[in-house]
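What follows is a set of notes on a single structure, which appears directly below.
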Amino acid sequence: MSSESSARSPVGLLSTLKAYLLRERERGRLYLRLSSEAKKNWEKFLLAHPSADRPGSPSCPAPSQATSPPSSEVMPVDERRKQLEKLAQTVAKCCRCPHLAATRTQTVFGIGSPSASLFFVGEAPGAEEDRQGQPFVGPAGQLLTKMIRAMGLEREQVYIANVLKCRPNLPEGTLGNRRPTEEEVARCLPYLHEQIEIVRPKAIVALGGVALEGLLGKKALQVPPGQPISISRFRGRFLEFRGIPVMPTYHPSYLLHNPSIQQKRKVWEDLLAVMERLGLPISQRQREYFLPKPSK
Ligand code: SF4
């Protein structure tokens, strides 16, 4: 193949685009505006060349090719740690979502014990997570740490990861967080699945609708396409992901915006159910958190 035809191959075109985006990022340009026609052409390109940004392209290896965790449930902890490190290296180089690869500071893989019994799944990194490279380190993360401690555990004893490993980009000059698109979630999900496969927890807590949808999918939850998942509808009862009990509950950032005792109590009831399922000790005081105190 001539160098010209290789440059025009799907992989060659993607490499050229990636180099261009990286150059622009080095110049301090964090956002590119695409006309609607350019967006349509990009989507057409991806549809015509499904392997171009999919597992198997040289720069974006498939998670299953990057690591092959033994299917046995009993994997020594050192081996689990190694598998997670290897997967984290793959994720750090991932460019399946070129727009996110071009705008992230770094990927946010996950953190915690490689043999944790309890696995928390969140949505996507926020600004602080993107800066520090760790999940749940902003205000919502501090609340999650308090929730974990209230269960009698430390952050280091559980595993925490998001559905999306890159911060969802925002239009230039805007602040806040953006909900990941279904396409972004679909591309990133295999990494979360591998993390769960390696850690093999005894229970998962899905924090918010995106986490629940990412784990179980709308079809299994009987939510019509195009409709968002209402976490209020699913919280409080166990579902299942590949044989592992999943407790859906509100995302800590929801509690930060709705800090009523009633909402806090709902989340705490969900966590109490998880503690029971894991056989963790529960004191009377813990059972009564956020319950109205009898008047004297
Ligand atoms: S969000 Fe996930 S799939 Fe997309 S570029 Fe980041 S690591 Fe890769």
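The values are calculated or read from the model by the stated rules, or taken from the named source; none is laboratory data. Predicted model only: the values in this text are computed from it and were never measured. Cβ sites come from the backbone with ideal geometry, for glycine too, and all protein chains shown count toward neighbours.
Look at (1) outside the structural domain of residue 157 (by TED's automatic domain parsing); (2) outside any loop (DSSP other than H, G, I, E, B); (3) among the basic types (Lys, Arg) and you find that residue 293 fails only one, number (2).
Selection of the stretch 213-252 for residues being of a type in the set (Phe, Trp, Tyr) and farther than 16 Å from residue 277 by Cβ yields 234, 250. Going by what's in this entry, would residue 152 be described as closer than 17 Å to residue 109 by Cα and surrounded by fewer than 20 Cβ atoms within 10 Å (Cβ to Cβ)? Against the criterion (closer than 17 Å to residue 109 by Cα and surrounded by fewer than 20 Cβ atoms within 10 Å (Cβ to Cβ)), residue 152 does not qualify. Checking the structure you have, find out if any residue of the stretch 177-194 is within 25 Å of residue 276 (Cα to Cα), in a loop (DSSP other than H, G, I, E, B) and away from the ligand (no atom under 13 Å from the Cβ). No, the stretch 177-194 has no match at all. Against the numbered list (1) of a type outside the set (Phe, Trp, Tyr); (2) within 16 Å of the ligand (Cβ to nearest atom); (3) touching a residue at least 60 places away in the same chain (Cβ under 8 Å); (4) in contact with a Gly (Cβ under 8 Å, 6 or more places away or on another chain), residue 108 comes up short only at (3).
Yes or no: residue 108 buried (at least 17 other Cβ atoms within 10 Å of the Cβ), touching a strand residue (DSSP E or B) at 6+ places or on another chain (Cβ under 7 Å) and part of a strand (DSSP E or B)? The answer is no for residue 108.
The residues on offer are 163, 185, and the sole one that is in contact with an Asp or Glu (Cβ under 8 Å, 6 or more places away or on another chain), at negative phi and without any contact (Cβ under 8 Å) to a residue 40 or more places away in the chain is 185.
Against the test of being among the aliphatic types (A, V, I, L, M) and within 16 Å of the ligand (Cβ to nearest atom), the options 239, 170, 212 yield a single qualifying residue, 170.
If only residues of the stretch 127-148 that are in a loop (DSSP other than H, G, I, E, B) and among the hydrophobic types (A, V, I, L, M, F, W, C) are counted, the one that is surrounded by the fewest Cβ atoms within 10 Å (Cβ to Cβ) is 137.
Would you check if residue 253 is over 17 Å from residue 150 (Cβ atoms), crowded, with 20+ Cβ neighbours inside 10 Å and among the hydroxyl-bearing types (Ser, Thr, Tyr)? Against the criterion (over 17 Å from residue 150 (Cβ atoms), crowded, with 20+ Cβ neighbours inside 10 Å and among the hydroxyl-bearing types (Ser, Thr, Tyr)), residue 253 qualifies. Pairing each residue of the stretch 79-92 that is under 11 Å from residue 114 (Cβ atoms) with any residue that is more than 16 Å from the ligand (Cβ to nearest atom) and in a helix (DSSP H, G or I), provided the two are 6+ apart or on different chains, yields C-beta distances under 7 Å for 80/198; 80/199; 83/198; 84/198. Scanning the stretch 167-179 for residues that are within 14 Å of residue 101 (Cα to Cα) and either touching an Asp or Glu at 6+ places or on another chain (Cβ under 8 Å) or outside the structural domain of residue 108 (by TED's automatic domain parsing) (or both) yields a total of 2. Please pick out the residue among 124, 102 that is within 13 Å of the ligand (Cβ to nearest atom), within 13 Å of the chain's Cα centre (by Cα), touching a residue at least 40 places away in the same chain (Cβ under 8 Å) and crowded, with 21+ Cβ neighbours inside 10 Å. Every option except 124 fails the conditions.
Annotation: of all residues in the stretch 149-166 being part of a helix (DSSP H, G or I) and touching a Ser or Thr at 6+ places or on another chain (Cβ under 8 Å), the one that is nearest to the ligand (Cβ to nearest atom) is 155.
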